Amino acid sequence: MRGIGVSISPHSAAIPSEYPTGIPSRSAIVNAPQGAILAVGRIADRVVAHEGRPAVRPMLMLTLSVDHRVADGARAAAFLVDLAGAIEHPESVLADA
């Protein structure tokens, strides 16, 4: 799998290149020396609950694979929560810059 590095530190994490199939979700395998890899699916409409009623909303699937010898699962989960918050509310990230 080809990937591009994300600058946490050299070769520590990667985001795989977009596949031409546009699949909605995927998973990735961590390859040494990476400690984690974030797989990003495509944005697709999904039926979700909104204010107690079904609604169609654009959703993005993110899958984080982590080498647990390098990082704790709780820290990886916290990273995904922070990333989801930044995607849902980009103004909060821009305000901190």
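Could you go through the range 79-86 in sequence order and give the Karplus-derived ³J(HN,Hα) for each residue, using 6.51 cos²θ - 1.76 cosθ + 1.60 with θ = phi - 60°, rounded to whole Hz, and x for Gly and Pro? For the range 79-86, the Karplus curve yields 4, 5, 4, 5, 5, 4, x, 5 Hz.
Considering every Cα-Cα pair within the range 26-82, what fraction, in whole percent, is farther apart than 12 Å? Don't skip to the end; give the middle numbers.
Numbers: 1133 of 1596 pairs.
Taking all Cα-Cα pairs of the range 26-82, the fraction more than 12 Å apart is 71 percent.
Exposure proxy shown here: for GLU91, GLU51, the number of other Cβ atoms within 10 Å sets the order, fewest to most, as GLU51, GLU91.
What the Cβ-Cβ distance of ARG57 and ILE29 gives, at R0 = 41 Å and to the nearest 0.05, is a FRET efficiency of 0.85.
Read the figures in this text as sums done on the coordinates, not as results from a lab. It should be emphasised that the depicted structure is a prediction, and the values quoted were computed from it without experimental measurement. In this analysis, Cβ positions are derived from the backbone assuming ideal geometry, glycine residues included, and neighbour counts consider all displayed protein chains.
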